[in-house]
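Have a look at the structure below before the remarks.
The values are calculated or read from the model by the stated rules, or taken from the named source; none is laboratory data. Note that the structure is predicted; figures quoted are calculated from it, not measured. Cβ placement follows ideal geometry from the backbone for every residue including glycine, while neighbour counts extend to all protein chains displayed. Keep in mind that these areas ignore ligands, DNA and RNA; they rest on the heavy atoms of the full protein, side chains included. Shrake-Rupley method; radii C 1.70, N 1.55, O 1.52, S 1.80 Å.
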Amino acid sequence: MTMTVELQAPAVATPQTARAPWLTRLARPLLGLLLPLSLALAWELLVWAGWSNGRLVPPPSKVFTTIADLARSGELTRHIVTTLSRVGIGFGLGVAAGTLLGGICGYWRMARRLVDPTIQALRAIPSIAWVPLFILWLGIFETSKVALIAVGVFFPVYLGLTGAILSVDRKIVEVGRIFRLSGPAMIRRILLPAVLPAYVVSLRVGLGLGWMFVVAAEFMGASEGLGYLLIDGQQLGKPAQIVAAIVIFAIIGKATDWLLEIATAPLLRWQDSFARQSGAA
Amino acid sequence: MLQLTSVTKVYPNGVHALERFSAEIQLGEIIAIIGGSGCGKSTLLRAVAGLDRASAGTVTLDGETITAPHPKVGIIFQEPRLLPWLTVADNIGFGLSELPAAERRERVARALDRVGLADKAKVWPRELSGGQAQRVAIARALVAQPEVLLLDEPFSALDAFTRKDLQDHLLDLWADTRPTLVLVTHDVEEAVVLADRVLVMRPHPGRLFEEITINLSRPRDRNAPLFDQFKRHVLTALDRSLDRTVPDAQGRREPGGGLWW
Ligand SMILES: Nc1ncnc2c1ncn2[C@@H]1O[C@H](COP(=O)(O)OP(=O)(O)OP(=O)(O)O)[C@@H](O)[C@H]1O
Ligand SMILES: [Mg+2]
């Protein structure tokens, strides 16, 4: 979408921080690990010292052996793949629908007047309330699960995109008008880049909700998936398995969010944001 | 020639922003429009730019009525309005997307050079100072080689030194291709430094109050006594335009005509 103009300009010096940049770049995520790691360590020591039997709240070592056991039997991969593909498909569908409807409703006032009230009304329904209906309509297997996730993803993406389009600065649109951009060119060269930051945020919110809803979906009768591990652990009284599943949820959820962030970062390099000013770039 | 005929603008909320404004502006002329806040200067400029339609009256450029943004008319706003997602060079080349890449590159490079920002080509707009950003905006408007360039208080957000610098700069750029400049300003000195004619407007509703021809040769010496006289003249007219007891002045002075005092 950008039109590149090559010029023989001297290379712009990259700003240098006082310390070695690679050091700060490594140290920053480690800082975030400090709290959870020391809590885990403290709990491990408490159980090890016999102050607690750790039956209901298993110590980290027990959780790790559980994960290792699951991994060795190949079960873990199966559960992860199942859950990931549910989230992936649901997220894809939700994003597609949210983007399409959000784009149309943001751009055309008529469509917004026609469709938006209905969507807002549907949004007021707690999404879990759809579960019985989805099961009746779509059966107990994959389709209803994916549908629930897609519904969860749809709303933040739709809202984020319509909101972003409506709040595009009129002053910048006028720049496009002065250069007599046609409708499609205005969308491609002004609206699209202008809404991108807010859209990326809504994608990340959507992904977060997708992970939330996959658990709900897998609670409603699944035979595999991380949510199934949770239910199974509860029914068979295996707290270590529950915590293991939770830990894996956390790791994969964070990893997918991080991937999304990485994938979109090149598109948002131009942003003059608070995060950049405080040196988090 | 840019011709404004009885341009009138009533906003939907009933505000009478502009009342029967007429003016004739020759190619290559520099016009300054000055007047109190809210007297319709921006409204007038937006009508000429084709961004807003006048309620009545017409704006024509070489006989062609302007109802939408016109390829020969450029505008520089009070804020730079750079697109934050494009580098400085891409911002300047924004309006040239129809040209072949090589020519576009060449023209952008020349424009960058002209405003003294050749080293900022690859920089994001957020990394520019206010004055630099406004210079990029000037380059972006000029690179399209408009016949008429409208400027709505382009330097008002800048400090006095940068402002003076950019005024001189604008004159240099103007001397290159001699476009028509229509400049809205609050700064009497700016008007007298730049303009061939100063149009003083008065509010409620916004209309033309007085027209003052500045027949000083360029480059103009800001410290010359005659310069001061013109400044005082504009200032007095401005004062009188805000005084409601003074009736609308009608007298138009011919270029080279005597001063009224
Ligand atoms: N979009 C709008 N809708 C309604 N009224 C408007 C609009 N824009 C301007 N006005 C009104 O029209 C009048 C003229 O406004 P305009 O912006 O043209 O003034 P101006 O001479 O540029 O003032 P300033 O020197 O403060 O920039 C004002 O009374 C203003 O309130
Ligand atoms: Mg104004």
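For this structure, a couple of remarks:
- The criterion of being open to solvent by 20 Å² or more (accessible area, probe 1.4 Å), assigned to a loop (DSSP other than H, G, I, E, B) and modelled with pLDDT of 90 or more holds for residue A:168.
- Some residue of the range B:93-110 being farther than 30 Å from residue A:197 by Cα, open to solvent by 10 Å² or more (accessible area, probe 1.4 Å), away from chain A (no Cβ under 11 Å) and touching a residue at least 24 places away in the same chain (Cβ under 8 Å): no
A quick yes/no check of all residues on (1) among the hydrophobic types (A, V, I, L, M, F, W, C); (2) out of contact with any His (no Cβ under 8 Å at 6 or more places or on another chain); (3) without any contact (Cβ under 8 Å) to a residue 40 or more places away in the chain:
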{"site": "B:184", "(1), (2), (3)": "yes, yes, no"}
{"site": "B:193", "(1), (2), (3)": "yes, yes, yes"}
{"site": "B:228", "(1), (2), (3)": "no, yes, yes"}
{"site": "B:241", "(1), (2), (3)": "no, yes, no"}
{"site": "B:245", "(1), (2), (3)": "no, yes, yes"}
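- Residues located in the range B:1-51, provided they are of a type in the set (Phe, Trp, Tyr) and open to solvent by 60 Å² or more (accessible area, probe 1.4 Å): B:11
- Filter result (under 18 Å from residue B:150 (Cβ atoms) and within 8 Å of another protein chain (Cβ to nearest Cβ)) within the range B:78-91: B:79, B:81
- Test: residue in the range A:190-209 that is within 30 Å of residue B:53 (Cβ to Cβ), open to solvent by 20 Å² or more (accessible area, probe 1.4 Å), in contact with a Lys or Arg (Cβ under 9 Å, 6 or more places away or on another chain) and of a type in the set (A, V, I, L, M): no
- Within the range B:7-59, being more than 16 Å from ligand 2 (Cβ to nearest atom), free of Cβ contacts under 8 Å to residues at least 60 places away in the same chain and within 16 Å of residue B:211 (Cβ to Cβ) holds for one residue alone: B:24.
- Here the condition is being within 25 Å of residue A:189 (Cα to Cα) and either at pLDDT 95 or above or within 16 Å of ligand 2 (Cβ to nearest atom) (or both); of B:79, B:106, B:98, it holds for B:79 alone.
- Checking residue B:170 against (1) open to solvent by 10 Å² or more (accessible area, probe 1.4 Å); (2) out of contact with any strand residue (DSSP E or B) (no Cβ under 6 Å at 6 or more places or on another chain); (3) not acidic (Asp, Glu), the condition it does not meet: (1)
- Among the residues of the range B:70-90, those that are in a loop (DSSP other than H, G, I, E, B) and over 21 Å from residue B:174 (Cα atoms) comprise B:81, B:82, B:83, B:84, B:85, B:86, B:87.
- Some residue of the range A:149-163 being assigned to a helix (DSSP H, G or I) and surrounded by fewer than 16 Cβ atoms within 10 Å (Cβ to Cβ): yes
- Within the range A:110-133, the set of residues being within 23 Å of the chain's Cα centre (by Cα) and either more than 30 Å from residue A:193 (Cα to Cα) or in a loop (DSSP other than H, G, I, E, B) (or both) comprises A:124, A:125, A:126, A:127, A:128, A:129, A:130, A:131.
- Residue match in the range A:107-123 (condition: open to solvent by less than 30 Å² (accessible area, probe 1.4 Å) and away from chain B (no Cβ under 13 Å)): yes
- Filter result (of a type in the set (A, V, I, L, M, F, W, C) and either within 14 Å of chain A (Cβ to nearest Cβ) or more than 8 Å from ligand 1 (Cβ to nearest atom) (or both)) within the range B:36-58: B:45, B:47, B:48, B:49, B:51, B:54, B:56
- If you filter the range A:38-68 down to residues that are modelled with pLDDT under 85 and open to solvent by 100 Å² or more (accessible area, probe 1.4 Å), you find that the one that is nearest to residue A:243 (Cα to Cα) is A:56.
- Any hit, the range B:4-11, residues being away from chain A (no Cβ under 14 Å), within 11 Å of ligand 1 (Cβ to nearest atom) and out of contact with any helix residue (DSSP H, G or I) (no Cβ under 7 Å at 6 or more places or on another chain): yes
- Count of residues meeting criterion [within 11 Å of ligand 1 (Cβ to nearest atom) and out of contact with any helix residue (DSSP H, G or I) (no Cβ under 9 Å at 6 or more places or on another chain)] in the range B:20-35: 0
- Taking each residue of the range B:138-165 that is touching a residue at least 40 places away in the same chain (Cβ under 8 Å) and outside any strand (DSSP E or B) and looking for partners that are polar (S, T, N, Q) and within 16 Å of ligand 1 (Cβ to nearest atom) with beta-carbon atoms closer than 9 Å, six or more apart or interchain, yields B:153/B:42; B:153/B:78; B:153/B:185; B:154/B:78; B:154/B:185; B:156/B:78; B:156/B:185; B:157/B:78.
- Filter result (surrounded by fewer than 21 Cβ atoms within 10 Å (Cβ to Cβ) and either at pLDDT below 90 or out of contact with any Lys or Arg (no Cβ under 7 Å at 6 or more places or on another chain) (or both)) within the range B:145-156: B:145, B:153, B:156
- Odd one out for residue A:81, checked against (1) modelled with pLDDT under 85; (2) exposed (fewer than 14 other Cβ atoms within 10 Å of the Cβ): (1)
- Tally, over the range B:152-187, of residues that are away from ligand 1 (no atom under 13 Å from the Cβ) and acidic (Asp, Glu): 5
Per-residue answers, yes or no, for (1) more than 16 Å from ligand 1 (Cβ to nearest atom); (2) within 14 Å of another protein chain (Cβ to nearest Cβ); (3) closer than 28 Å to residue B:11 by Cβ; (4) touching a residue at least 60 places away in the same chain (Cβ under 8 Å):
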{"position": "B:196", "(1), (2), (3), (4)": "yes, no, no, yes"}
{"position": "B:202", "(1), (2), (3), (4)": "no, no, yes, yes"}
{"position": "B:214", "(1), (2), (3), (4)": "yes, no, no, no"}
{"position": "B:222", "(1), (2), (3), (4)": "yes, no, no, no"}
